[in-house]
Amino acid sequence: MSKITVSATVNGDAADFVCDATETLLDVLRDRLGLTGAKEGCGTGDCGACSVILNDRLVCACLVLGAEAQGAKIETVEGLANGETLHPLQRKFIEHAALQCGVCTPGFLVAAKSLIDHNPDPTEEQVRYWLAGNLCRCTGYDKIVRAVLDAAAEMREANHAA
Amino acid sequence: MRYETPATIEAAVGLIAAETGIARVLSGGTDLLVQLKAGMIEPDLVVDLKRIAATREITAEAGGFRIGSAVSAASLREHKALRAAWPGIIEGLKLIGSTQVQGRATLTGNLCNASPAADSVPCLVAAGASARIVGPSGKRDIPVQDVPAGPGRTNLAKGELVESIFIPAAAAHTGSCYLRFTPRTEMDIAVVSAGVSVTLDASGTCTAACIVLGAVAARVTIAEEAAKAIIGTKVDEAALAKMQAAASAAATPIDDKRGTKEFRIEVAGVLARRAVEKALERARGK
C-alpha cells in the first residue's frame, strides 16, 4: 500500500508526515509526530480522550483519518502551555485537583479551550453540556467544571485588563 | 484501502462508480470510522468529499437552504436563519452525540447511515426536505424519507451519492419541534422520537401539519392520520387527543433492550403531542 504525504499545521508549526489511508489522526499524532498528549480511550468517539481542535472545531482525533489533515490547522494539548508557563486551564486543573489518573485530562483541557474560544463566559450548564463527550472515571465532574469556570473567569479578567 | 479526494462531484461519482470492490463516501466520518475500527466494513476505496467546495456550503435557494453533504452539525447550529426557520431540525442535530461528534457529523451522513433512530431525520421529513442524488446517469431529487431503505441500508444505486439536502422555506406561522425519549439526558440513542411541523393561518386554524416518528419502525414513520386529526382544526384538546391516539396507532416498533413495543407505542403518542404543543407555541409566535 502506498503511503499518503500530508502537510498540516500542528500547534502553529508546519508538520509533514506520511501515513497509510487507514491511519487515524490520533495514530498520526501519537506514532508519527510523537505528540502523545491525545489518548486513545475507546477509539470510537465515545470518550473524548483524543480531543483535538481541527480547523477551529473540537473533534475526536480517533474519528478523523490522518490523510484528512492535509492543509488543516490542528491544536493539541501540547500547544496549550507557553513554554514553561501553563495555560490558565492547566493551572486551574491543578489548583482544583481536577484530575487523578490523568488519562482524560488532555482531552478535557482541549475541549475546555475550545469552549472558551467559542464562549468566553459559559454558564455551569453550558460547561457540562459542552464536556458531555469527555468521560472521566476518577474524579467525578464537579472539580473539572469548577476548574473550567474559574479559568474562564480569570481569562476574561486578563482580557479586560489588557 | 485507497483514499481519494476528488475536486468535483462528478469526479467523486466517477471514482465510486468505477470501483469494483467496496467503496464508501467520507464526509464527517463519525459513523464510517467507527465501522472501520470495528471491522464491520473493509472498503477498497474511501472517497472524501470535503475538497469539493459545494459540499461544505450552506446556500440560500428559493427562500430555503441547500446544505452541502459535508456541512457539520456545529456549522448548522450556528446558522441563524436556519435556526429561526426550522428550530426542530436544530433540536435534532443538537442531540447527536457530543460536541466532538457534532464538529464533524453531517445531516447527509445521519440520513445515509440509515438508522431508524437518527435524530436529524424526523424533522427534515416534517419540513419537506429533499436529497439531491448524483450518479453516473445524472442528478435527481427525492424526498429525504426515500433515502433509507431499512436499518443501515439506502436506496442509492451503485455509483450514487447524496450531494446536498434542500430544506424549503418555512411558510408563515409555521412551527417545528423535535423531541425524543432516552433513559439519559445526553449522549444516547432515541428509544422513540417525534419531529413535527405545524402551519396555522391568521385565525389560528391549522392548515398543514406533518407528524413524523423515529425509532418505531425500520424507517421513519409519517403519521398521516395524526396530521389529519389536527389539520382544519384550531388544535384544541379534542384534536390533540385524536392526534395523539393516531400517532400511537401509526407506531409499529420492535421490542429490544432499549424499550418494549408497548412502551414505544404509548410514548410515540405522548411525544407527538408534546412536540405539536411546542410547535404550535412557535407557530403562534411568528
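Readers should treat all values here as calculations from the given coordinates under stated rules, not as data from a laboratory. All values derive from a computational prediction rather than experimental measurement. Virtual Cβ from ideal backbone geometry, glycine too; neighbours counted across all protein chains shown.
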Given the structure, is B:Val34 assigned to a helix (DSSP H, G or I), in contact (Cβ under 8 Å) with a residue 60 or more places away in the chain and not charged (D, E, K, R)? no
In segment B:234-261, residues that are surrounded by fewer than 16 Cβ atoms within 10 Å (Cβ to Cβ), of a type outside the set (A, V, I, L, M) and in contact (Cβ under 8 Å) with a residue 12 or more places away in the chain total 2
Selection from segment B:181-190 of residues among the hydrophobic types (A, V, I, L, M, F, W, C) and surrounded by fewer than 22 Cβ atoms within 10 Å (Cβ to Cβ) yields B:Phe181, B:Met187, B:Ile189
Per the filter on segment A:57-76, residues of a type in the set (S, T, N, Q) and facing chain B (nearest Cβ under 9 Å) are A:Gln70
Within segment B:37-83, residues of a type in the set (Lys, Arg) and free of Cβ contacts under 8 Å to residues at least 40 places away in the same chain come out as B:Lys37, B:Arg56, B:Arg77, B:Lys80, B:Arg83
Within segment B:69-111, the residues that are touching a strand residue (DSSP E or B) at 6+ places or on another chain (Cβ under 7 Å), away from chain A (no Cβ under 14 Å) and surrounded by fewer than 24 Cβ atoms within 10 Å (Cβ to Cβ) are B:His79, B:Leu82, B:Pro87
Of those in segment B:192-209 that are surrounded by fewer than 22 Cβ atoms within 10 Å (Cβ to Cβ) and either under 16 Å from B:Gly92 (Cβ atoms) or among the hydroxyl-bearing types (Ser, Thr, Tyr) (or both), the residue nearest to the other protein chains (Cβ to nearest Cβ) is B:Thr199
Picked from segment B:128-144 (must be free of Cβ contacts under 8 Å to residues at least 12 places away in the same chain and in a strand (DSSP E or B)), the residue surrounded by the most Cβ atoms within 10 Å (Cβ to Cβ) is B:Arg140
Those residues of segment A:90-109 that are within 14 Å of chain B (Cβ to nearest Cβ) and touching a residue at least 60 places away in the same chain (Cβ under 8 Å) come to a total of 4
- Would segment A:113-123 turn up any residue that is free of Cβ contacts under 8 Å to residues at least 24 places away in the same chain, assigned to a loop (DSSP other than H, G, I, E, B), of a type outside the set (A, V, I, L, M) and within 14 Å of chain B (Cβ to nearest Cβ)? yes
Within segment A:1-48, residues more than 14 Å from every other protein chain (Cβ to nearest Cβ), within 21 Å of A:Cys104 (Cβ to Cβ) and part of a helix (DSSP H, G or I) come out as A:Leu29, A:Arg30, A:Asp31
A careful count of residues in segment A:125-142 that are surrounded by fewer than 19 Cβ atoms within 10 Å (Cβ to Cβ) and part of a helix (DSSP H, G or I) gives 5
Scanning segment B:110-127 residue by residue, the ones that are under 12 Å from B:Ser176 (Cβ atoms) and outside any loop (DSSP other than H, G, I, E, B) total 5
